[in-house]
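> Got a structure here, written out as structure tokens. Questions coming.
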Amino acid sequence: EAQVTQNPRYLITVTGKKLTVTCSQNMNHEYMSWYRQDPGLGLRQIYYSMNVEVTDKGDVPEGYKVSRKEKRNFPLILESPSPNQTSLYFCASSLLAGASSPLHFGNGTRLTVT
Amino acid sequence: QKEVEQDPGPLSVPEGAIVSLNCTYSNSAFQYFMWYRQYSRKGPELLMYTYSSGNKEDGRFTAQVDKSSKYISLFIRDSQPSDSATYLCVPGANAGGTSYGKLTFGQGTILTVHP
């Protein structure tokens, strides 16, 4: 089944404790992206990757890191999480970069930072 | 002014009603117009995709784009309880400044269809 898989689905952590949220897609998509979804603010892009070893900042990149060493994986790293990073996170992929290529989303990771 | 404005609702309708979901946008570079549907505890999934102005129909769903007034609509006919979800309007551009290759998400309208 074609899908984007995120892990974990739920995560509770404390301020400053480094964490990684994994994302993997099995559709051979070139483009991958991370979003956070907050009430009243909608979906905002954190980082995106046009292809392997090519990543760039989205609208809200502060406090996050990403890497794209393989085409299928795009982990999101929070080196020192803070409470304002409590949010619902989505990984997404599309065949190509660009607005004409629809995104496929994972089922989300709900992160709570205390 | 936000690039995409969408009435967050919530909208509650009886089964069988016609639903109209609406969106306005400000960036004239937008050429692609999508609607995503998001069920509770799930990621958004693509529902409708249109390019430029006009109408597109898919079963009970009709997407309408009026680029002259920068207005996007999604109509649902004979609504069903299974249509209860959050609907996100998502315009995008492949040309022009900071909008290049970018999708811009509306805040979403929460729809509940009750039996």
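The values are calculated or read from the model by the stated rules, or taken from the named source; none is laboratory data. Just so we're clear, the structure is a prediction, and the values are computed from it rather than from any experiment. With ideal geometry, Cβ positions are generated from the backbone for all residues, glycine too; neighbour counts draw on all protein chains shown.
> Going by what's in this entry, would A:Gln37 be described as polar (S, T, N, Q), over 26 Å from B:Gln31 (Cα atoms) and either surrounded by fewer than 18 Cβ atoms within 10 Å (Cβ to Cβ) or within 14 Å of chain B (Cβ to nearest Cβ) (or both)?
no
> Turning to a different aspect of this structure: Can you pull out every residue in segment A:64-86 that is in contact (Cβ under 8 Å) with a residue 40 or more places away in the chain and either under 12 Å from A:His29 (Cβ atoms) or within 14 Å of chain B (Cβ to nearest Cβ) (or both)?
Result: A:Lys71, A:Arg72, A:Asn73, A:Phe74.
> Looking at B:Leu46 and the list (1) in contact (Cβ under 8 Å) with a residue 40 or more places away in the chain; (2) within 23 Å of B:Ser82 (Cα to Cα); (3) outside any loop (DSSP other than H, G, I, E, B), which single condition is not satisfied?
If we test B:Leu46 against (1) in contact (Cβ under 8 Å) with a residue 40 or more places away in the chain; (2) within 23 Å of B:Ser82 (Cα to Cα); (3) outside any loop (DSSP other than H, G, I, E, B), just (1) comes out false.
> Take the residues in segment A:90-111 that are at the interface with chain B (Cβ under 8 Å from one of its Cβ atoms) and more than 16 Å from the chain's Cα centre (by Cα); name whichever of them is modelled with the highest pLDDT.
A:Pro102
> Within segment B:1-31, which residues are small (Gly, Ala, Ser), more than 14 Å from the chain's Cα centre (by Cα) and part of a strand (DSSP E or B)?
B:Ser12
> Another question, then. Hey, could you check segment A:77-99 for residues that are in contact with a Leu (Cβ under 8 Å, 6 or more places away or on another chain) and among the hydrophobic types (A, V, I, L, M, F, W, C) and say which is nearest to B:Glu45 (Cα to Cα)?
A:Ala92
> Of the residues in segment B:65-77, how many are farther than 14 Å from B:Tyr36 by Cα and assigned to a strand (DSSP E or B)?
Qualifying residue count, segment B:65-77: 3.
> Kindly establish whether B:Leu11 is touching a helix residue (DSSP H, G or I) at 6+ places or on another chain (Cβ under 9 Å), away from chain A (no Cβ under 14 Å) and in contact (Cβ under 8 Å) with a residue 60 or more places away in the chain.
no
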